[in-house]
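Here the structure is laid out as structure tokens; the discussion comes afterwards.
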Amino acid sequence: MTAALIGVGVGPGDPELLTLRALRALREADRVFAPVSDPEVEGRAESVVRRAAPEVAVERLVFVMARQGTARDTGIAEAAGRLVEHLDAGERVAFVTLGDPNLYSTVSSVVAAVRARRPAVPVETVPGIMAFQDLAARAGTVVADGAEVLTVVTGLDGTDAFDAAVADPAAAVVVYKGGHHLPELAERLRQAGRLDGAVVGELLGLDGERVCPVAERAGEQASYLATVVVPPHRPERGAP
Ligand SMILES: C[S@@+](CC[C@H](N)C(=O)[O-])C[C@H]1O[C@@H](n2cnc3c(N)ncnc32)[C@H](O)[C@@H]1O
């Protein structure tokens, strides 16, 4: 096999949601790396791999889980340097990530840093089940149907993007990285008449998992690893 970098989505947390293709990519890789914030502590994506494929050896790459800044850039540069060493040795190198590698994933930054050093290295991604899909299934929520719109926002910049999305009653809204804003999101949904039917899933498939209506956690922040799904307003179907 020739050298390649493969970004592998492992799903949100439940090892049963790691796809057969992901499993094959992990088993065929010469090396599997997982992002961690502490080299002594098992990472979330690493834990999925260990439960789904205990025979696969996972090596840790330390990242600073900040949005931007020198420490984050340094972490990505060091990680890319380590991957390049193995790519230069002709290895197939897998880098795992929670959910899907093409949606809000460290994979894109890592790939960019590797490509800057080795433009000719082939890069592939293996899709993973996204957190909001798992939440929709667990909560029994139809995210979008027919001509309904789906808008995905993050809570990183506060609630402005969320407010704009919720203003369209025909749009389903998915919120990533918004756990810390859960009380504000709940209040805005209440004001927009869209609190009923909105669900939140925290640590899906991982220790501490919690899935419930947003209304039940309206007064409580959730952690970073929380996702919200707000279905479109569907008066013709009764509710929400
Ligand atoms: C860096 S993004 C990763 C998204 C991921 N690539 C995906 O496709 O779902 C992190 C955000 O994804 C969501 N997320 C990822 N894994 C999750 C899980 N196990 N439970 C709940 N939300 C999760 C949360 O909204 C979290 O803030």
Worksheet entry | Candidate set from the stretch 152-163 (those that are within 16 Å of the chain's Cα centre (by Cα) and within 12 Å of V230 (Cα to Cα)); member that is surrounded by the most Cβ atoms within 10 Å (Cβ to Cβ) | V153
Worksheet entry | Filter result for L182 (within 12 Å of the ligand (Cβ to nearest atom), surrounded by 20 or more Cβ atoms within 10 Å (Cβ to Cβ), modelled with pLDDT of 95 or more and on the phi < 0 side of the Ramachandran plot) | yes
Worksheet item: Assuming A198 fulfils every condition listed in (1) free of Cβ contacts under 8 Å to residues at least 12 places away in the same chain; (2) surrounded by 15 or more Cβ atoms within 10 Å (Cβ to Cβ) apart from one, which condition is it?
Response: (1)
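Yes/no matrix, rows are residues, columns are (1) within 14 Å of the ligand (Cβ to nearest atom); (2) at pLDDT 95 or above; (3) under 30 Å from V49 (Cβ atoms):
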{"residue": "R138", "(1), (2), (3)": "yes, yes, yes"}
{"residue": "D145", "(1), (2), (3)": "no, yes, no"}
{"residue": "V152", "(1), (2), (3)": "yes, yes, yes"}
{"residue": "F162", "(1), (2), (3)": "yes, yes, no"}
{"residue": "Y176", "(1), (2), (3)": "yes, yes, yes"}
{"residue": "R194", "(1), (2), (3)": "no, yes, no"}
{"residue": "V199", "(1), (2), (3)": "yes, yes, yes"}
{"residue": "R210", "(1), (2), (3)": "yes, yes, yes"}
{"residue": "V228", "(1), (2), (3)": "yes, yes, yes"}
Worksheet, complete the sentence: Those residues of the stretch 114-136 which are crowded, with 20+ Cβ neighbours inside 10 Å and part of a loop (DSSP other than H, G, I, E, B) amount to G128, I129, M130
Item to complete: Residue by residue through the stretch 112-139, note down the ones that are closer than 16 Å to G81 by Cα and β-branched (V, I, T).
Response: V114, V121, V123
Fill in: Test result for G90, outside the structural domain of Y224 (by TED's automatic domain parsing), within 11 Å of the ligand (Cβ to nearest atom) and on the phi > 0 side of the Ramachandran plot
no
Practice prompt. Using the structure shown, decide if E55 is out of contact with any helix residue (DSSP H, G or I) (no Cβ under 6 Å at 6 or more places or on another chain), farther than 13 Å from V96 by Cα and of a type outside the set (S, T, N, Q).
Written response: yes
Worksheet, complete the sentence: Going through (1) in the same structural domain as V62 (by TED's automatic domain parsing); (2) buried (at least 17 other Cβ atoms within 10 Å of the Cβ) one by one, S108 fails only at (2)
Worksheet item: From the residues in the stretch 212-221 that are of a type outside the set (A, V, I, L, M) and touching a residue at least 12 places away in the same chain (Cβ under 8 Å), which one is farthest from the ligand (Cβ to nearest atom)?
Response: G219
Discussion item. Could you list, ordered by first residue, the pairs with Cβ atoms under 8 Å in which the first is in the stretch 222-234 and touching a residue at least 40 places away in the same chain (Cβ under 8 Å) and the second is among the aromatic types (F, W, Y) and near the ligand (Cβ under 8 Å from one of its atoms), at least 6 apart or interchain?
Written reply: T227/F132; T227/Y176; V229/F132
Discussion item. Suppose we filter the stretch 100-123 for residues that are within 16 Å of the ligand (Cβ to nearest atom) and not aromatic (F, W, Y); how many remain?
Written reply: 12
Discussion item. Exactly one condition in (1) surrounded by 15 or more Cβ atoms within 10 Å (Cβ to Cβ); (2) within 10 Å of the ligand (Cβ to nearest atom); (3) among the aliphatic types (A, V, I, L, M) is false for L189; which is it?
Written reply: (2)
Worksheet, complete the sentence: Filtering strands (runs of 3 or more DSSP E) wholly in the stretch 22-113 for at least 1 residues that are free of Cβ contacts under 8 Å to residues at least 40 places away in the same chain and closer than 20 Å to E124 by Cβ gives 58-62
Worksheet item: In the stretch 1-35, what residues are in contact with a helix residue (DSSP H, G or I) (Cβ under 9 Å, 6 or more places away or on another chain) and modelled with pLDDT under 95?
Response: M1
Worksheet item: Which of (1) surrounded by 15 or more Cβ atoms within 10 Å (Cβ to Cβ); (2) within 13 Å of the ligand (Cβ to nearest atom) does S37 not meet, given it meets every other one?
Response: (1)
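The values are calculated or read from the model by the stated rules, or taken from the named source; none is laboratory data. From a predicted model like this one, the values you see are computed outputs, not experimental measurements. As a convention, Cβ positions derive from the backbone with ideal geometry for all residues, glycine included, and neighbour counts pool all protein chains shown.
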